[in-house]
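The values are calculated or read from the model by the stated rules, or taken from the named source; none is laboratory data. Computed from a predicted model, the values in this text were never measured in an experiment. We place every Cβ from the backbone using ideal geometry, glycine too, and count neighbours over all the protein chains shown.
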Amino acid sequence: ALKAGIVGLPNVGKSTLFNAITQAGAESANYPFCTIDPNVGVVEVPDERLYKLVELVKPNNVVPTAFEFVDIAGLVAGASKGEGLGNKFLAHIREVDAIVHVVRCFQDENITHVSGKVDPLGDIATINMELILADIDSIDRRLERSKKNLKSGDKKVAQEVEVLERLKEALYEDKPARSLELTDDEKLLVRDLHLLTMKPILYATNVSESEAGDTEGNEYVQIVRKFAEAEGAEVVPISAKVEAEIAELEGEDKEMFLEELGLTESGLNRLIRAAYKLLGLYTYFTAGVQEVRAWTIRQGMKAPQAAGVIHTDFERGFIRAEVVSYDDLVAAGSMAVVKERGQLRLEGKEYVVRDGDVMHFRFNV
Ligand code: GDP
């Protein structure tokens, strides 16, 4: 499964946010999986479309889709030098598919800030520097090996060295690897390096409780927004402390609390959706009277692989898929009308599944 890792300097609110995530996950009773790793939090992906389909189909059972957040605490300045167990944390970041960087934007005299004052851009620079240094290290080691192989005259090796040099140059200029425009071929050449700064990133700006309803009034959030825009990264303002409180509530109590804050939904929901998008994930649905269910795929997956997410047999024996887009189904109001309108498509092995497709698979066992 794809995972988003939560990183940030100490005392920025990572644990508070992660606790809200695990609490929210624990309360979603209809989630069929569970995890025993305390650093992994499973969350449901909030998706209104699922509940619209439930209204149409009236199934016996509903199952949302989910994905994982990993808590990667302990990243500090000097991590790339192996200080403070630093290398272990960098290794954990290597394993995630996207990074959620929690940045402190709340003022609180009682809570020490590692650098003495609230300074979101300074914090971002500190963490980014560690990731960049770790990447330079990976690249240097690879370059040493590749350069030896250059003599063989292999064109691929020459190309690899060229890409590595280009990446290194960018990193030396404090630019993350993701900022470099690489072709698919070039990306493939360096993929197994799992460069930390190649991973997509979003900034979760943690504001104080009093600002939860109006996060944009926080000047630090604006500063981070400006920075992220230049990088092409997303910003999700959130109040970790408020999210922890929201996660404790259910049903009407939750609605009332959100309303008091002037929110239409929790910040956690926004964060989950943003992370899902960052991971390059799509949702498709199956909608039978037994069960309406959301399934997660990677963007670009073809019908057989998407079927394989349900069961490997579905992929192996795939014949074809009956597909209707979510919009067409909702507009039609029923599968019968979809068929009348000729909007139920038969798709084969090469069909690239779209976000929101409602699918029914035909397969051989
Ligand atoms: P971590 O070290 O990044 O995991 O940070 P924690 O989640 O442990 O938070 C550090 C301290 O900051 C704790 O005492 C939290 O209660 C507090 N904290 C977290 N978010 C907020 C916030 O939005 N406002 C205030 N006032 N305190 C917060």
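Annotations
- Evaluated against (1) near the ligand (Cβ under 10 Å from one of its atoms); (2) at negative phi; (3) surrounded by 13 or more Cβ atoms within 10 Å (Cβ to Cβ); (4) modelled with pLDDT under 85, Val76 falls short on exactly one condition, (1).
- Verdict on Gly153 being more than 21 Å from the chain's Cα centre (by Cα) and at pLDDT below 90: yes
- Some residue of segment 141-148 being touching a Leu at 6+ places or on another chain (Cβ under 9 Å), crowded, with 18+ Cβ neighbours inside 10 Å and hydrophobic (A, V, I, L, M, F, W, C): no
- Residue satisfying all of: in segment 80-93; part of a helix (DSSP H, G or I) and small (Gly, Ala, Ser); modelled with the lowest pLDDT among these: Gly84
- Where helices (runs of 4 or more DSSP H) fall entirely within segment 211-295, those with at least 2 residues that are farther than 30 Å from Val353 by Cβ and more than 16 Å from the ligand (Cβ to nearest atom) are at 219-231, 251-261.
- Any hit, segment 256-265, residues being farther than 23 Å from Gly13 by Cβ and either in contact (Cβ under 8 Å) with a residue 12 or more places away in the chain or surrounded by fewer than 21 Cβ atoms within 10 Å (Cβ to Cβ) (or both): yes
- Candidates Thr197, Thr183: the one that is under 30 Å from Lys155 (Cβ atoms), out of contact with any Phe, Trp or Tyr (no Cβ under 8 Å at 6 or more places or on another chain), surrounded by fewer than 18 Cβ atoms within 10 Å (Cβ to Cβ) and not aromatic (Phe, Trp, Tyr) is Thr183.
- Among the candidates Arg225, Arg270, residue that is more than 27 Å from Pro64 (Cα to Cα), in the same structural domain as Val100 (by TED's automatic domain parsing) and crowded, with 16+ Cβ neighbours inside 10 Å: Arg225
- Residue check for Leu50: part of a helix (DSSP H, G or I), at pLDDT 90 or above, within 15 Å of the ligand (Cβ to nearest atom) and surrounded by 17 or more Cβ atoms within 10 Å (Cβ to Cβ): no
- Hits in segment 94-121 (condition: away from the ligand (no atom under 14 Å from the Cβ) and assigned to a strand (DSSP E or B)): Ala98, Ile99
- If only residues of segment 337-365 that are in a strand (DSSP E or B), in contact (Cβ under 8 Å) with a residue 24 or more places away in the chain and not acidic (Asp, Glu) are counted, the one that is farthest from Leu53 (Cα to Cα) is Phe363.
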